[in-house]
Each structure stands twice: as structure tokens, then as C-alpha cells.
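A.B. asks: After the C-alpha cells below, expect a handful of questions from me.
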Amino acid sequence: MLRQAYSRMSTGTKISGAGHLAIILWVILGGSFFRSDRDSMPATTSVTLISEAAFEGREATRPEVVTEAPVALPPQPEPDPEVPDPVAERPADTPPPPPPPEPVTEPVPEAPAAAPEAPPPPPPPADRVAPVPVPQTPEEVEVAEETQEAATPDGAGADIAEPQEATAPEAATTRIITEATETDPDSASEEIALAPVSTPRPQSRPSRPQPEPVVEPEPTPAPEPEPEPEPVTDPLASAVADAVAEANEAPARADPSLPVGPPMTASEREGLRVAVQQCWNIGSLSSEAMRTTVTLSVEMEQDGRPVIASIRMIDAQGGSDAAAQQAYEAARRAIIRCGARGFDLPVEKYAQWRDIEMTFNPERMRIR
Amino acid sequence: MTKTLLSALLLALGLMMAPQASDAQARPGPLRIEITEGVIEPLPVAIPPFIAETPAALPYANNIAAVVAQDLEGSGLFRAIPEQAFISRVTSFDSPVQFSDWKAINAQALVTGSVGIAADGRLVVKFRLFDVFSEAPLGAGLQFAASQDSWRRMAHKVADAVYSRITGETGYFDTRVVFVSEQGPKNDRRKRLAVMDYDGQNVQFLTNDSAIVLAPRFSPDGSKILYTSYATGMPQITELDINTVRSRSLGSNANMSFSPRFSPDGSAVVYSLTNGANTDIYRLDIGGGRQSQLTNTPAIETAPSFSPDGRQIVFESDRSGNQQLYVMPANGGEARRISFGQGRYGTPVWSPRGDLIAFTKQNKGRFHIGVMRADGSEERLLTSSFLDEGPTWAPNGRVIMFTRETSGASGAPALYSVDISGRNLRRVPTPGAASDPSWSPLLE
């Protein structure tokens, strides 16, 4: 009795099991064996055939001068060049744009187009070597860090300001001028030799680029879409991923005091770099420290001032520990000095510059 | 069951990792910039008058601070801020520093000190160095004690310590220079050996003017001087003890010997010896008196100078038909030429650091003091004048002193110093005309 019942149940179970197994196999393997080939069909572009007369008529109405190369694809919004990520890359399956026409066919002389100028006079001797040369100030002008005009009381107002003497920054050159350099006859003769020997003639007008025979643009074959990887629909993995994502999003939303803003622009970065380099004085460093590149990390306040206690050296290359320490202290002084009043940084992007890593590389200064 | 457990474990693990991931996302990576342009200028340093702990110490206190400022400014690496610009006054050596007042005048370093007189009459000098913008001391404070006559040396010691802590190099202020003091008209110069502090102070004469003296050279420990004396009518190498001011002739050659220089350990001397019309370089071991010939060519070879490790010697020779620089092993052997520029090269001196060789160059009617690497590369000319010659290195290898002579019947030699970068060319004060300087090591 039991055996018969078992036999009947077993048969039913087998049938049921076989059916379920068939369904499962179809679900799993169906994508591979029974998938429609529609996805892998190459994309097609409709092409309109026109007659030769119609083509010539279209040519006649075409603008004579073509200044830009025909672009096969609609113009894409240019990515901000200052943003490293995401990198604006041409899709691999997009045909490269044709090279722009070369407007000048004659070799262009290297002489400057403008009127020839006398070779620049050698920079005057000055104790200060800086990226930007500063001419000698008149003797009556006091040397100060900030340039200001002389102010005299005009007597118009009730509060008469005290007379203020004009000040000017200290004279500086862009390289070290030794006594031998100043009087080197060889260098003078080189300058003379480099001077242009004749007035450069104006360049010939670039020949107008001949319009290329325009043909009906080849229909761009639509890129064959990559077959999408079959999503793995593991419910457990999905649940874990969802949970992690939810946990990640929560604190970011909970910290509104860190404005991220748009990416830092090149000018904003350059402004910071220039501000720091003005205070990076390596004139008192040892020769070995002048060969040492140090990287400092610093945490910034929202008003642009560095947190002094946060400044630390995270890397040093090229010198001994002692040299690295000297280089670090000079770099640290630069950050503190020029950051005392706060660097000019966009508050709305504070999250991007709250932590800064500055690399101080004296290589170019050493050879001056 | 196992699968359920595994999934639960994965879920828990994922949630555990979530906070770290969220921090990283909420806080973007650091902004990175590279700075390759800076400024090269003297570092502004404030050196207020030192505190006099007793009324008797007051003149020393003022003078010591002034000498420290002169030393640092004279190096070309520092700029002493005038006292008139000070906002704060240091009234006590131990009182806290008002850094904001020093920041306001852009002082990047601050030197405070005090001077007292101990019960035994010795002068006691204490000082501290601060990094103003970091609002922190640069190293621990130091204290020196010496006789009151040595107040200048103590000032130099303070300046050396400040220089060393800021630049990372040893100082050179507590040093001496031996030189040839010259008097009289150009065609009848009377020459005497003299020694002075590096800044031209405390000049002492070591010889009288009865015989011509040339090319004095300090021993590595600074206790002896080698020079060339014409006391016998023929140039002979002579050694002089600075403490006893006694001299003795080295060797008993009947030939001319000149251009001597000690080995780095002081155990040997290299010099030139003329035999007939030929001049070669010889080595004399001072202890054993053994003499060996290092070069043997028909050319004139002179001005030998050891490398700091004592393994090589640089010298000048005209064996190629023109005066050039060569390097050979310290015990002689094959020499290789290292100078290939235009003109003539002479009087090479190896830097105490070993990285550079200073030399005199004559080209197109001008004389130059220059430096090049030991392999002859990266030649740089630092000076240019009617006559520059005879470079000598400061013990830290950063500064070169040399002789500059002006033209004309009234022309006279003088001592000058220049930084190896070519900056900070200065005349060294001497009581009269002076030539042939040799810098001592840092005094103990």
C-alpha cells in the first residue's frame, strides 16, 4: 500500500520535477540558445539616393569657403579641461574626426611677425631671484612687500589722512647674475648673433584651402552595440549591494557643511600655486636641501587659512633626512606665511580643497 | 541553510564596511599642486639686543647681538631686520615671545639671548632661536662660556648655530684666515704672514718682513701653517706652529720647493719641486720624512690639492701645451684631464664637501674664479676682473675667498669672498693690501 502510494507520488513528483527542471533550464540557458538575434543585428542608417543633377545642384548652393572640417557626429559639449575625471575620451567605436585642413602650405619663417626688437638687456643685478622680475625702484621709494601709491592729504575731508610714503617691492631678477655672467663677452656676442639680420617680411597670405569635392557623407555605420553582459541577478548580492549603497549615502547627505561645488578650475589652482610660491624662499637652504623635493599635506580652514598643526611632510625625495627637514621647514614657512590671511579659494568648493597636498620641487630654482 | 548563513555574513560584512566607504566618498581626495618656482632672497631674521643680566655685561650684550647680525647678513642668506622696526621688546630671556609682533614685521626667525658674567669672571652667553611663523623654537637653547676677551668668538658660535639650524649646513663664522699682508709700492712689496678672524678682525702678524713669504696653507686641525719662504734666498717649504709662532723648514732640498698643501689627515704634504727646468709634484710623509715623486713629465706641474677623502689629487699642468687641470691618485699614477674650456686653468682646490673644485681661469685677458664638478663638468665662473686668483674654501664648502688685484701702478691686492652660487661678492676687510688667503677649519 505504502509502496504503491510512494510509487504514485514518486511518478507525480518526477513529472513535476521534470517540468520545473525544464523551466529552470529554459530560464538559465534560454538566453544563450533561444535569444533573439535582434540585438546583434547591425544598425542600419537610411540612405537616400539622389540623382546626379540633384547632387550638382546641391553643390552649387554650397558655401564657398569651408573653414571647419565636416563633423560627422553632432557636437558634444566640451568637457571642462580642468576636470581630470571623467576623462573625455572618444568612444572607441566612433570614427576619428578628419584632420583639420592645413591653412599654410609655405614654410613659415621662425622670425617674429612683429618688428624686430633689440635683444633684451641683461637683467640688472639684484639680490632677489623670483619668478617675476621687478625693476629697480627709485631711490626715494621705500621697499616694501606691497606696492602702494603715495598718498597726500587733500584737505577736502574732515578726517585728513596722514601722508603715506610710496612703497614698491624689492627689485628682483629671474636668475642669478654672477659677476662673470655680467661681463662675459661670449654671452654678449651670442646675443648679437641671435639678433635678426634683416627685417622679416610679412608672411604671405595663407592660400585658401581648396574645397574638397564634397561627396555625400558616407553614412556612418552605427556602432555595433556591445552585447550587454548578462546581468547577474543574484538576489543576495543585490541585497548586500543595496544595503551598502544605502549606508554610504546616508552620511554624505547628513554633512551639508562640505560644499563640493563644481570642479576646481585651472585658474583657481594656479592662484593657489602662485600664492604659495611667493613665500617659498629657498635662498637660505643648503645645496643638498635644494636638491630635495618634499610633499606636504595640509588641512585648510573654510576661510582659506591652513591649519598649522595639520601640516606634515608625507614624502621627500633626493636628499638626506636632514636636507629633507630643511626643505620641509622652508615649505612649511611658505604655507604659513602666505596663508596667514587665507588663500583665495572658492568657498563653495571647500570640500575639494579642505585637504591639499603640495609638492615643492626646487629643481628649476637650483639651476638658476 | 549554509547559503542563508553566508548571505547574512556577506550582508553584515557589507554594512561594516559601509562607514569607511562613506567617509571616503564624503571627503574627496586631496587637492594636489606642485610648486616649482620660488624666490631666492635673504631670510628676514630679527636679532634684538641680548639681555644683559648684569650691568657689566651690557656692552657685551649689545656687541654680541651686533656681531651675530653681521655674521648672518654677511653670508648673504639672511637679512637682519633693523631694530627700529621692532614692535616687541625682549625684556627677559625667559619671557614668552609675542610671535604676532614679529610676524607683523615679517621676521621669519627670531634670535633672543642673554649675557651674564659668572662668578669666575667668564662671560656666559645664552641664546634661543625661534621659527616665528611656526611659533616654535628651532632646536634647543644653547649656552657658551669663555673669557671676556673671547666675546667675538662666542658671537660667532651663536651665529654658526643659527646658520646651521636654518640652512642645514655647518657654519663658517668661527674660523680664521691666514694670508699674506703686503705693504709698500708695487715693485717693492714687503710681505708678512698674518692671521685674522674670517671677518677681518683680530689681525695678528706671524712673521716679519725680512723674507718674502707666499701661499700659506692651514693644517686640517688649524694648528699649523705651511708656506713658502725665501729666507734662504731660494723658495723652501716651511711649517709654522700658530701657538708658538715657531717655524721649521720641511726637507733639506737644494732645489726650489713651493706650493705646499696638507693631506686631509695632516700626515703628509704635497708640493712642487723644481729640478733643473722641470717641476714635478712630490709627497712628503711628515712623520717618517719619506719623500716620493708623484708626477714625472717634462711639463710644469704644480698646485696640488687633495680630495677630502685623501684618495685623489687635483693639480695644474701644461703637459698638453696649455695650463689645464688634472686629477690623479694620491700616490701618483695616471692623471686624467678635467678642464677642457677655453683659456688657462690653475690653482685648483678641492671643496671640503668633495663635490666641487674651485680654480682660477684666465681667458681673453680676464681672470675668473670658477667651480666645476670633480669630473670637470658643470663649470661655472663666479667672478671676473683684471686679476682674480688663489681660491680657498670655507670649511662648509659654501663660500670661496680669493685675491683680487686692481690694475695700474697703484693697484693692490685685496681679499674677496663669494658664494658658490656667484652671489654675495664682498670685500673682506684687511688692514692693508692682502693676498693668498687660506681658510681654517671650524674652530673647536
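A.B. asks: Here is a check on your reading of the model: is B:Pro298 in contact (Cβ under 8 Å) with a residue 12 or more places away in the chain, closer than 28 Å to B:Leu356 by Cα and not in a strand (DSSP E or B)?
C.D. replies: Details: in contact (Cβ under 8 Å) with a residue 12 or more places away in the chain: yes; closer than 28 Å to B:Leu356 by Cα: no; not in a strand (DSSP E or B): yes.
No: the conditions fail for B:Pro298.
A.B. asks: What's the number of the condition A:Met290 fails, among (1) closer than 24 Å to B:Asn424 by Cα; (2) crowded, with 20+ Cβ neighbours inside 10 Å; (3) at the interface with chain B (Cβ under 9 Å from one of its Cβ atoms)?
C.D. replies: Of everything listed in (1) closer than 24 Å to B:Asn424 by Cα; (2) crowded, with 20+ Cβ neighbours inside 10 Å; (3) at the interface with chain B (Cβ under 9 Å from one of its Cβ atoms), A:Met290 misses just condition (3).
A.B. asks: Okay, moving on. For segment B:131-140: of the residues being assigned to a strand (DSSP E or B) and surrounded by fewer than 18 Cβ atoms within 10 Å (Cβ to Cβ), which is nearest to the other protein chains (Cβ to nearest Cβ)? If you could, list the steps in order and put the result at the bottom.
C.D. replies: Pass one, segment B:131-140, residues assigned to a strand (DSSP E or B): B:131, B:136-137.
Narrowing further to those that are surrounded by fewer than 18 Cβ atoms within 10 Å (Cβ to Cβ): B:136-137.
Working: B:Ala136: 10, B:Pro137: 12 Å.
Result: B:Ala136.
A.B. asks: Further question on the same structure: Pick out the one residue from B:Arg79, B:Arg128 that is within 25 Å of A:Glu329 (Cα to Cα), more than 12 Å from chain A (Cβ to nearest Cβ) and either in contact with a Cys (Cβ under 8 Å, 6 or more places away or on another chain) or outside any loop (DSSP other than H, G, I, E, B) (or both). Walk me through it before giving the result.
C.D. replies: Working: B:Arg79 fails: more than 12 Å from chain A (Cβ to nearest Cβ).
Just a single option satisfies the conditions, and that option is B:Arg128.
A.B. asks: Taking interchain pairs and intrachain pairs at least six residues apart, which have beta carbon atoms under 6 angstrom, with the first residue in segment B:420-438 and under 23 Å from B:Arg353 (Cβ atoms) and the second of a type in the set (Asp, Glu)?
C.D. replies: Pairs that qualify, where the first residue is under 23 Å from B:Arg353 (Cβ atoms) and the partner is of a type in the set (Asp, Glu), are B:Leu425/A:Glu179.
A.B. asks: For a quick check of your reading of the model, give me the residue pairs whose first member lies in segment B:35-62 and is within 17 Å of A:Arg333 (Cβ to Cβ) and free of Cβ contacts under 8 Å to residues at least 60 places away in the same chain, whose second is assigned to a strand (DSSP E or B) and among the hydroxyl-bearing types (Ser, Thr, Tyr), with beta-carbon atoms closer than 8 Å and at least 6 apart or on different chains.
C.D. replies: Taking only residues 6 or more apart or on different chains, the pairs are B:Ile35/A:Thr359.
A.B. asks: What's the number of the condition B:Ala107 fails, among (1) over 24 Å from the mean Cα position of the chain (by Cα); (2) over 30 Å from A:Thr292 (Cβ atoms)?
C.D. replies: With respect to (1) over 24 Å from the mean Cα position of the chain (by Cα); (2) over 30 Å from A:Thr292 (Cβ atoms), B:Ala107 is out only on (2).
A.B. asks: Identify all residues within segment B:257-270 that are touching a residue at least 40 places away in the same chain (Cβ under 8 Å) and either among the β-branched types (Val, Ile, Thr) or not in a loop (DSSP other than H, G, I, E, B) (or both); write none if there are none. Full working, then the answer.
C.D. replies: Here is the first cut: in segment B:257-270, the residues touching a residue at least 40 places away in the same chain (Cβ under 8 Å) are B:258-266, B:269-270.
Scanning segment B:257-270 gives B:Phe258, B:Ser259, B:Pro260, B:Arg261, B:Phe262, B:Val269, B:Val270.
Rule-based calculations on the coordinates, nothing more; no lab input. Bear in mind that the values here come from a model prediction, so they are computed numbers and not experimental data. When we count neighbours, we look across all protein chains shown, and the Cβ atoms used for this are built from the backbone with ideal geometry, even at glycine.
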